[in-house]
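For reference, the structure is listed below as structure tokens.
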Amino acid sequence: MVTFEESGMTFSFDENDIFYIEKSERFSKIEGVKPCECVVQHNGKVCLIESKSSSPQPQNAGSFLLFAEDIAQKFTDSYTYYSAVHQKRQQPDLVPQSLQSIPLARQNYEFCLIINGHKKEWLPPVLDQLKMTMKKTLKLWGFDDACVKVLNEQGAMSKGLIVK
């Protein structure tokens, strides 16, 4: 098992199902890219996970937009690197064989932002902004915006993405 703490939450996944991209030396050596926490095979999907302990309020438009852009960049950079590993354009580094062998074109994906301590009613504006920020990228990849998820810790726990 790979267990780690991020943003006050505990993540735990089978070592054969997780690419802990945030700890990838190869990825970190690429200038200007940002990783999400991890890429994990979970419930028949490949989930890219980013966690935060808070988010700006939508009323603070500048900070709110920058927050969404930062998260979108992390998902974009991480998916692009994961895809490059699949195409053997990057070395596998910490990517387990099970994640390397999943057919990219036929796989379902989720981009999950988990915000610790957020009330359920605070999540929809964050989700809407993140979807809007990622719209062009999702279209380029051929993904529906329904694959973008914003959860609080209760939602993440019910999906099995975090543990107590």
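All of the numbers you see were taken from the coordinates with simple rules; none came from a lab. Source: prediction; values computed, not measured. Cβ atoms come from the backbone with ideal geometry, glycine included; neighbour counts cover every protein chain shown.
What angle do you read, to the nearest 10 degrees and between 0 and 90, between the alpha-carbon axis of helix 61-86 and the longest principal axis of the chain?
10
For the cross-link pairs LYS119/LYS159; LYS29/LYS119; LYS29/LYS120; LYS131/LYS159, which exceed 26 Å when the distance is taken from alpha carbon to alpha carbon?
Violating the 26 Å Cα-Cα cut-off are LYS29/LYS119; LYS29/LYS120.
Going by alpha carbons, how many degrees (0 to 90, nearest 10) lie between the helix axis of 123-141 and the longest principal axis of the chain?
Orientation of helix 123-141: about 40 degrees from the principal axis.
Which distance in nm do the two modelled labels at MET132 and SER98 give, with both placed 7 Å along the Cα-to-Cβ direction?
Once both label points are built, they end up 3.9 nm from each other.
Could you sort 120-132, 136-148, 40-52 so that the peptide with the highest average Cβ count within 10 Å comes first and the rest follow in order?
Going by the mean number of other Cβ atoms within 10 Å, highest first, we get 40-52, 120-132, 136-148.
Test of understanding: express the Cα radius of gyration of segment 48-164 as a ratio to 2.2 N^0.38 Å, with N the residue count.
1.12
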